[in-house]
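The values are calculated or read from the model by the stated rules, or taken from the named source; none is laboratory data. What you are looking at is a predicted structure, and each value in this text was computed from that prediction instead of being measured. For neighbour counting, all protein chains shown are included, and Cβ atoms are generated from backbone atoms with ideal geometry for every residue, glycine included.
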Amino acid sequence: MTQRVWQVFFTTIILGGIMNKSIDYIKEKIKNQPEIGIVLGSGLGDFADAIEDKVEIPYTEIPGFPVSTVKGHDGKLIFGQINSKEVCVMKGRIHYYEGYDIKEVVYPIEVLAGLGIKTIILTNAAGGVNTDFEPADLMIITDHINLMGKNPLIGPNDEDLGPRFPDMTDLYNKELVEVAENSAKKLGIDIKEGVYMYFTGPSYETAAEVRMARILGADAVGMSTVPEAIIARHRGLKILGISTITNMSTGILDTPLDHTEVVEVGKEVAGKFKELLKEIIEEI
Ligand code: HPA
């Protein structure tokens, strides 16, 4: 087989087959089809407590599903209701820096799309680049910059799933941004908005990289979300992104960055984050 034929065979037949196995396995376990997918970032796992009538499926049980190795990332899908909406929460995401292929990073999003969700809420912990931000701020993502240089759609494209060249206009859905703004207002939460720039990590950025990010138009930097948003757009999902600014990025303050602190601040804001997300889900 030529390399090209093998590539197409691998992507469509082998990966497609495994994906169907993941989807079928989950379908057998859940009671209702989810409408909204929610990916929880570092330290934000507590949100899962808000789900009613839960069905929990550990990633390790799902055929073909990658398993997150990061501290603070649990690794399960939780199905159930929030404010009577059917949701699927991904507690623990897969990061490129763990050593996974970019296709594995977005695999769970493809599975959620395959399960029939229409909307996805991507949350993350991020470093503040905009000096008007403070740790514990929440930021609605209005756009992103993919500094990683890789794209999860590289390779053969299955036109039945999405277009070869997906448009990225209003990637983060404007109506959902408005819903998030109104929800924050209603709850008296001061919410920021801005552009998220994706670095692979796992090292934090240098001070020079943070200066560059600011010059290029970023308000926050982080190590996730962007590949997921690209694949979600390919599958035609509506996307909302929310960052917790867990720290100011390198070089803004004198203190060195520490992952434990990121998780701690994530936990500190978990309360307001949970209330906001519940309100948003109600309004979607
Ligand atoms: N940089 C990248 N990723 C992050 C940061 C940061 O400062 N804080 C939380 N996630």
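Screening the candidates Tyr172, Tyr204 for the property of being outside any helix (DSSP H, G or I), near the ligand (Cβ under 10 Å from one of its atoms) and among the aromatic types (Phe, Trp, Tyr) yields one hit, Tyr204. For Asp190, the criteria (1) surrounded by 15 or more Cβ atoms within 10 Å (Cβ to Cβ); (2) over 20 Å from Val39 (Cα atoms) hold in every case but one, which is (1). Against the conditions (1) more than 10 Å from the ligand (Cβ to nearest atom); (2) over 13 Å from Asp143 (Cβ atoms); (3) in contact with a strand residue (DSSP E or B) (Cβ under 7 Å, 6 or more places away or on another chain); (4) not charged (D, E, K, R), Thr260 satisfies every one except (3). The conditions of being of a type in the set (A, V, I, L, M, F, W, C) and modelled with pLDDT of 95 or more are not met by Val67. When Asp132, Asp53, Asp49, Asp74 are checked against the criterion of being modelled with pLDDT of 95 or more, of a type in the set (D, E, K, R) and more than 25 Å from Gly162 (Cβ to Cβ), Asp132 stands alone in meeting it.
Within region 229-244, residues that are at positive phi sit with their Cβ atoms under 7 Å from residues that are surrounded by fewer than 24 Cβ atoms within 10 Å (Cβ to Cβ), at 6+ positions apart or across chains, in these pairs: Gly236/Gly162. Tell me whether region 161-168 contains one or more residues that are of a type outside the set (A, V, I, L, M), more than 20 Å from the chain's Cα centre (by Cα) and within 16 Å of the ligand (Cβ to nearest atom). Within region 161-168, none of the residues are of a type outside the set (A, V, I, L, M), more than 20 Å from the chain's Cα centre (by Cα) and within 16 Å of the ligand (Cβ to nearest atom).
Of all the numbered requirements in (1) touching an Asp or Glu at 6+ places or on another chain (Cβ under 7 Å); (2) within 16 Å of the ligand (Cβ to nearest atom), Glu209 misses one, and that requirement is (1). Scanning region 263-284 for residues that are within 16 Å of the ligand (Cβ to nearest atom) and either without any contact (Cβ under 8 Å) to a residue 40 or more places away in the chain or of a type in the set (A, V, I, L, M) (or both) turns up Val263, Val265, Val269, Ala270. Looking only at residues of region 220-248 that are assigned to a loop (DSSP other than H, G, I, E, B) and closer than 22 Å to Val210 by Cβ, we find that the one that is nearest to the ligand (Cβ to nearest atom) is Met223. The residue pairs whose first member lies in region 24-36 and is in contact (Cβ under 8 Å) with a residue 12 or more places away in the chain and charged (D, E, K, R), whose second member is surrounded by 12 or more Cβ atoms within 10 Å (Cβ to Cβ) and assigned to a helix (DSSP H, G or I), and whose beta carbons are closer than 9 Å, counting only pairs six or more residues apart or on different chains, are Lys27/Leu115; Lys29/Glu61.
Scanning region 142-156 for residues that are assigned to a loop (DSSP other than H, G, I, E, B) and closer than 23 Å to Thr119 by Cβ yields Asn151, Pro152, Leu153. Scanning region 96-125 for residues being under 18 Å from Leu161 (Cα atoms) and touching a strand residue (DSSP E or B) at 6+ places or on another chain (Cβ under 9 Å) gives a total of 10.
The test for being within 25 Å of Gly16 (Cα to Cα) and among the acidic types (Asp, Glu) does not hold for Asp219. Any residue at all in region 177-200 that is part of a helix (DSSP H, G or I) and within 16 Å of the ligand (Cβ to nearest atom)? There is no residue in region 177-200 that is part of a helix (DSSP H, G or I) and within 16 Å of the ligand (Cβ to nearest atom).
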